[in-house]
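Let me begin by presenting the structure, written as structure tokens, before commenting on it.
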């Protein structure tokens, strides 16, 4: 190993240069710096590895939790479907079992009127007439409830449907029933959907029938059927300029036998919109409404089958 470099000064004496003397120190410093950098790198790598392990553990735990939630969701859905089927079966059974006694009540009341009407006091006849009318209303409610329960039990045949044609056909039927009314139907062309023809026709007939009924005091009545893109999905709508209603009560609108107006003003059983909702739900869609008193109502629905 070579030593420090020797030099001769101006007096002829030997010595070493400053650079030569500092060279071993510089080499020692470089060695210390290299070891320091290596240790720091190892420390950082260790920290990164520890953080990576923590993230992997957290991800694994999140995946386990996600799997647990998925299993729980499947279990709850199966339970809900089972309860729904049981309720539909119960509703169907009760409605079916009620038909016979209601018909007997109406039948015997009519027989009493026909056979002994001339022997009854006017007050008694009035009471009997109330019994018959109440019995007929109950009969209609039972039939409506049976129809509602059948929707959940009915097999669906999915086809490509022309909703424009369905709406146009029913609009013509409504106008033929009351040709004196001033009403305008605006039905968009090329309204297509994939669903069950019988059920989807029922949806349009219910919504158009409601629009026709609640625009009876408008001159002219305007009823629109169309669709629009919203949030990446096709939204169908039936809109009218009728009496509308207060949106504070909209949450109960799709429940069976719920009404927004007096029966004396607008006759009906109050099951039409419940029927619409059930059909739309069977098609994987949703239904909602926007309305304003004396301005009108717009019913929206989606179909995802």
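The values are calculated or read from the model by the stated rules, or taken from the named source; none is laboratory data. Because the structure is a prediction, the values reported are computed rather than measured. With ideal geometry, Cβ positions are generated from the backbone for all residues, glycine too; neighbour counts draw on all protein chains shown.
Of the residues contained in the stretch 163-182, none is found to be outside any helix (DSSP H, G or I), outside the structural domain of residue 111 (by TED's automatic domain parsing), surrounded by 16 or more Cβ atoms within 10 Å (Cβ to Cβ) and in contact (Cβ under 8 Å) with a residue 24 or more places away in the chain. Checked against the criterion of being touching a helix residue (DSSP H, G or I) at 6+ places or on another chain (Cβ under 6 Å) and either within 22 Å of residue 281 (Cβ to Cβ) or at pLDDT below 95 (or both), the stretch 182-191 has at least one qualifying residue.
Quick check: is even one residue across the stretch 277-288 surrounded by fewer than 19 Cβ atoms within 10 Å (Cβ to Cβ) and in a strand (DSSP E or B)? So far as the stretch 277-288 goes, yes, one or more of its residues are surrounded by fewer than 19 Cβ atoms within 10 Å (Cβ to Cβ) and in a strand (DSSP E or B). Based on what the data block shows, is residue 226 at positive phi, outside the structural domain of residue 148 (by TED's automatic domain parsing) and surrounded by fewer than 19 Cβ atoms within 10 Å (Cβ to Cβ)? No, not satisfied. For the stretch 149-180, give me each residue that is touching a helix residue (DSSP H, G or I) at 6+ places or on another chain (Cβ under 6 Å) and within 15 Å of residue 275 (Cα to Cα). Passing the criteria: 149, 151, 152. Scan the stretch 211-223 and tell me whether some residue there is in contact with a helix residue (DSSP H, G or I) (Cβ under 6 Å, 6 or more places away or on another chain), within 22 Å of residue 166 (Cβ to Cβ) and outside any helix (DSSP H, G or I). Yes, the conditions are met somewhere in the stretch 211-223. Quick one: residue 112 ticks every box in (1) touching a residue at least 24 places away in the same chain (Cβ under 8 Å); (2) buried (at least 16 other Cβ atoms within 10 Å of the Cβ); (3) farther than 30 Å from residue 243 by Cβ bar one, so which box is it? Against the list (1) touching a residue at least 24 places away in the same chain (Cβ under 8 Å); (2) buried (at least 16 other Cβ atoms within 10 Å of the Cβ); (3) farther than 30 Å from residue 243 by Cβ, residue 112 comes up short only on (1). Screening residue 261 on (1) modelled with pLDDT under 95; (2) in contact with a helix residue (DSSP H, G or I) (Cβ under 6 Å, 6 or more places away or on another chain) shows it passes everything except condition (2).
Residue 79 meets the stated requirement of being exposed (fewer than 11 other Cβ atoms within 10 Å of the Cβ), within 41 Å of the chain's Cα centre (by Cα) and more than 25 Å from residue 204 (Cα to Cα).
Between 266, 257, 245, the distinction of being crowded, with 19+ Cβ neighbours inside 10 Å and in contact (Cβ under 8 Å) with a residue 40 or more places away in the chain belongs to 245 only. Can you spot a residue in the stretch 194-206 that is part of a loop (DSSP other than H, G, I, E, B) and not assigned by TED's automatic domain parsing to the domain that holds residue 146? Taking every residue of the stretch 194-206 in turn, none turns out to be part of a loop (DSSP other than H, G, I, E, B) and not assigned by TED's automatic domain parsing to the domain that holds residue 146.
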